[in-house]
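Q: The structure is given below, and queries will be raised subsequently.
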Amino acid sequence: MKIAITGASGKTGYRISEEAIKKGFKVKLIIRKNSKISEELKSLETFRVSLDNKEDLDKALKDVNALVIATGARPSLDLTGPAKVDALGVFRQLESCKRVGIKRVILVSSLCTGKLFHPLNLFGLILIWKKIGENFLQNSNLKWTIIRPGGLKENEDIKSENINYSKEDTQINGSIPRRLVAKCCIDSLSNNDSVNKIIEVTSSNNNKKISFKKAMQII
Ligand SMILES: NC(=O)c1ccc[n+]([C@@H]2O[C@H](COP(=O)([O-])OP(=O)(O)OC[C@H]3O[C@@H](n4cnc5c(N)ncnc54)[C@H](OP(=O)(O)O)[C@@H]3O)[C@@H](O)[C@H]2O)c1
């Protein structure tokens, strides 16, 4: 199975790429013209495109079975970033999926999407635009999974971190290492029970260990 990963230059995106390779997927990275990727990923098939360019995006997404969307507006003074990337950018990626025949999409979103009164919204109402991006996917007729992580952490020591998986709008606090979010994205691709589900994820050493497969049967 070959998958495309957009936002593969991001801190979650590169980990999704690594986890995909570990699980034996063929991987195509889709990044921006000036995106920087780590040395380890440089040998992989890579397309540098703008999400605004339909033709280039279609070419990049051709011949893959699934797309993992790990794009997200980077914090900046440009408060239009979330609207452009987390809503319109997702919409454009989904339109391209439909044109080229991709049927399966995983979206990295966030806890609390859709909430108006939240400090994160100081950055261009990001939680509102992310919810609109999610809605585009849910209404797309594609097979979708939305992963909503809590605050993302950089630590790679995940041995004692167990994931709390839950259905939509059930968690509002908490955090999770990006490495575990990456694993959830790849687990979703291998598990049909994740199709058409919103999965909220945080982690801590207080949670009981549960497999992704089992969690999907419960939520
Ligand atoms: N930070 C948190 O605590 C948190 C919590 C929950 C959810 N999230 C969400 O989780 C996702 C991953 O977060 P992260 O912190 O790991 O990501 P990140 O490191 O900020 O990476 C963002 C990725 O999106 C790409 N991107 C940004 N603007 C783009 C555009 N206009 N066109 C194409 N690509 C664009 C970036 O490309 P370049 O490398 O070229 O900039 C990069 O690959 C994001 O959607 C984020 O909103 C974050």
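Q: When you check Ile210 against the structure, is it within 15 Å of the ligand (Cβ to nearest atom), hydrophobic (A, V, I, L, M, F, W, C), in contact (Cβ under 8 Å) with a residue 40 or more places away in the chain and not in a helix (DSSP H, G or I), yes or no?
A: It is false that Ile210 is within 15 Å of the ligand (Cβ to nearest atom), hydrophobic (A, V, I, L, M, F, W, C), in contact (Cβ under 8 Å) with a residue 40 or more places away in the chain and not in a helix (DSSP H, G or I).
Q: Only one residue in Leu120, Leu137, Leu127, Leu116 is more than 12 Å from the ligand (Cβ to nearest atom) and part of a helix (DSSP H, G or I). Which one? Before the answer, list the steps.
A: On the way: Leu120 fails: more than 12 Å from the ligand (Cβ to nearest atom); Leu127 fails: more than 12 Å from the ligand (Cβ to nearest atom); Leu116 fails: part of a helix (DSSP H, G or I).
Sole residue among the options that is more than 12 Å from the ligand (Cβ to nearest atom) and part of a helix (DSSP H, G or I): Leu137.
Q: Run Ser160 past the list (1) more than 15 Å from the ligand (Cβ to nearest atom); (2) free of Cβ contacts under 8 Å to residues at least 24 places away in the same chain; (3) over 26 Å from Leu94 (Cβ atoms) and report the number of the one that doesn't hold.
A: Of everything listed in (1) more than 15 Å from the ligand (Cβ to nearest atom); (2) free of Cβ contacts under 8 Å to residues at least 24 places away in the same chain; (3) over 26 Å from Leu94 (Cβ atoms), Ser160 misses just condition (2).
Q: A follow-up question, please. With the structure loaded, tell me whether Ile16 is within 11 Å of the ligand (Cβ to nearest atom), within 23 Å of Val181 (Cα to Cα) and of a type outside the set (Gly, Ala, Ser) or whether it fails that test.
A: Values: within 11 Å of the ligand (Cβ to nearest atom): yes; within 23 Å of Val181 (Cα to Cα): yes; of a type outside the set (Gly, Ala, Ser): yes.
Yes; evaluated as a whole, the condition is true for this residue.
Q: Within region 108-125, can one find any residue that is surrounded by 15 or more Cβ atoms within 10 Å (Cβ to Cβ) and in contact with a His (Cβ under 6 Å, 6 or more places away or on another chain)?
A: Yes, region 108-125 has at least one match.
Q: Still on this structure: Out of all the residues in region 36-62, which are modelled with pLDDT under 95 and among the polar types (S, T, N, Q)?
A: Within region 36-62, Ser38 is the sole residue that qualifies.
Q: While we're here: Only one of Ile147, Ile199, Ile186 is part of a strand (DSSP E or B), away from the ligand (no atom under 12 Å from the Cβ) and either at pLDDT 95 or above or in contact with a helix residue (DSSP H, G or I) (Cβ under 9 Å, 6 or more places away or on another chain) (or both). Can you tell me which? Explain how you work it out, then say what you get.
A: On the way: Ile147 fails: away from the ligand (no atom under 12 Å from the Cβ); Ile186 fails: part of a strand (DSSP E or B).
Result of the check over Ile147, Ile199, Ile186: Ile199.
Q: Moving on to the next point. Looking at region 47-82 only, could you name the residues that are within 12 Å of the ligand (Cβ to nearest atom) and polar (S, T, N, Q)?
A: Ser50, Asn53, Thr71, Ser76, Thr80
Q: Now for a separate question. Considering only region 19-45, state which residues are more than 9 Å from the ligand (Cβ to nearest atom), of a type in the set (Val, Ile, Thr) and either crowded, with 18+ Cβ neighbours inside 10 Å or touching a residue at least 24 places away in the same chain (Cβ under 8 Å) (or both). Even if it seems obvious, please write down each step before you answer.
A: Of region 19-45, the ones more than 9 Å from the ligand (Cβ to nearest atom) are 19-29, 38-45.
Then keep just the ones that are of a type in the set (Val, Ile, Thr); that gives 21, 27.
Matches in region 19-45: Val27 only.
Q: Does region 83-103 contain any residue that is under 18 Å from the mean Cα position of the chain (by Cα), free of Cβ contacts under 8 Å to residues at least 40 places away in the same chain, more than 12 Å from the ligand (Cβ to nearest atom) and surrounded by fewer than 23 Cβ atoms within 10 Å (Cβ to Cβ)?
A: no
The values are calculated or read from the model by the stated rules, or taken from the named source; none is laboratory data. As the structure is a computational prediction, the values presented were derived from the model and not from experiment. Every residue, glycine among them, receives a Cβ derived from its backbone with ideal geometry; neighbour counts consider all protein chains shown.
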